[in-house]
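Have a look at the structure below before the remarks.
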Amino acid sequence: LEDCVKIFPPVPCCEVADLMANSDIGVVAKRADSFGNEAYSTKIMEFMSQGIPVVVSRTKIDSFYFNDECVRFFESGNVDDLTTKLRELIADAGLRARMIKSAALYANANSWDRKKPNYLALIDRLAGDLIPRREELRVEALQTDALDDRPAGLTNSPFEGGRSESLR
């Protein structure tokens with residue numbers, strides 16, 4: 001395998017994105033057991049966003065989020081099936097191009113920029129009155145500013161700017 005597969009020694013986190021972006025094919029192999037079956041792998045989206053076709057273990061979670069148009073599934077734990085799917089992908093430039101196109105559309109539609117408003121709205125709904133509203137924080141900040149020498153608008157609140165603002 002050494003002539004075909006590169007297994008790198010550990011690298012600093014800041015180098016991982018470049019290594020992934022320069023890959024020919026991404027492989028996300030995990031077992032379809034209790035944890036692996038339910039754990040979403042962000043590596044799939046990372047490869048997709050870089051235009052790298054991905055071969056993925058068929059797990060419950062990955063089958064829920066992805067389809068055969070944007071990833072190539074193989075039976076979890078089946079080395080022969082993984083080998084077959086890799087060979088098919090290597091041999092078929094058209095398949096790779098179609099997968100890359102479909103995956104790019106999927107990654108764009110499900111990017112943080114697109115999903116952020118939905119996520120923040122969900123946090124706000126779930127938190128209810130546990131997180132102060134923006135208007136309340138601004139009034140509190142103004143009242144606090146009048147009591148000390150800090151510049152106007154400065155507070156010690158981790159929610160500076162409003163509900164879920166620390167996530168924005």
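Only one of these is at pLDDT 65 or above and either under 26 Å from the mean Cα position of the chain (by Cα) or open to solvent by less than 100 Å² (accessible area, probe 1.4 Å) (or both): Leu105, Leu130. Name it.
Of the residues listed, the single one that is at pLDDT 65 or above and either under 26 Å from the mean Cα position of the chain (by Cα) or open to solvent by less than 100 Å² (accessible area, probe 1.4 Å) (or both) is Leu105.
Among the listed residues Ser76, Ser63, Ser23, Ser49, which satisfies the condition of being within 16 Å of Tyr106 (Cα to Cα), out of contact with any His (no Cβ under 7 Å at 6 or more places or on another chain) and free of Cβ contacts under 8 Å to residues at least 60 places away in the same chain?
Result of the check over Ser76, Ser63, Ser23, Ser49: Ser63.
If I go through the range 108-127 residue by residue, how many of them are under 20 Å from Phe64 (Cα atoms) and open to solvent by less than 60 Å² (accessible area, probe 1.4 Å)?
Selection size over the range 108-127: 3.
Consider Leu142 carefully, then state whether it is modelled with pLDDT of 95 or more, part of a helix (DSSP H, G or I) and more than 30 Å from Phe35 (Cα to Cα).
It is false that Leu142 is modelled with pLDDT of 95 or more, part of a helix (DSSP H, G or I) and more than 30 Å from Phe35 (Cα to Cα).
Residues that are surrounded by 12 or more Cβ atoms within 10 Å (Cβ to Cβ) and more than 16 Å from the chain's Cα centre (by Cα): list the helices (runs of 4 or more DSSP H) wholly contained in the range 1-93 that include at least 3 such residues.
So the answer is 79-91.
The values are calculated or read from the model by the stated rules, or taken from the named source; none is laboratory data. Just so we're clear, the structure is a prediction, and the values are computed from it rather than from any experiment. Counting neighbours? That spans all protein chains shown, and the Cβs are built from the backbone with ideal geometry, glycine included. Note: accessible area is taken over every heavy atom of the protein model, side chains too, but ligands, DNA and RNA are not part of it. Shrake-Rupley method; radii C 1.70, N 1.55, O 1.52, S 1.80 Å.
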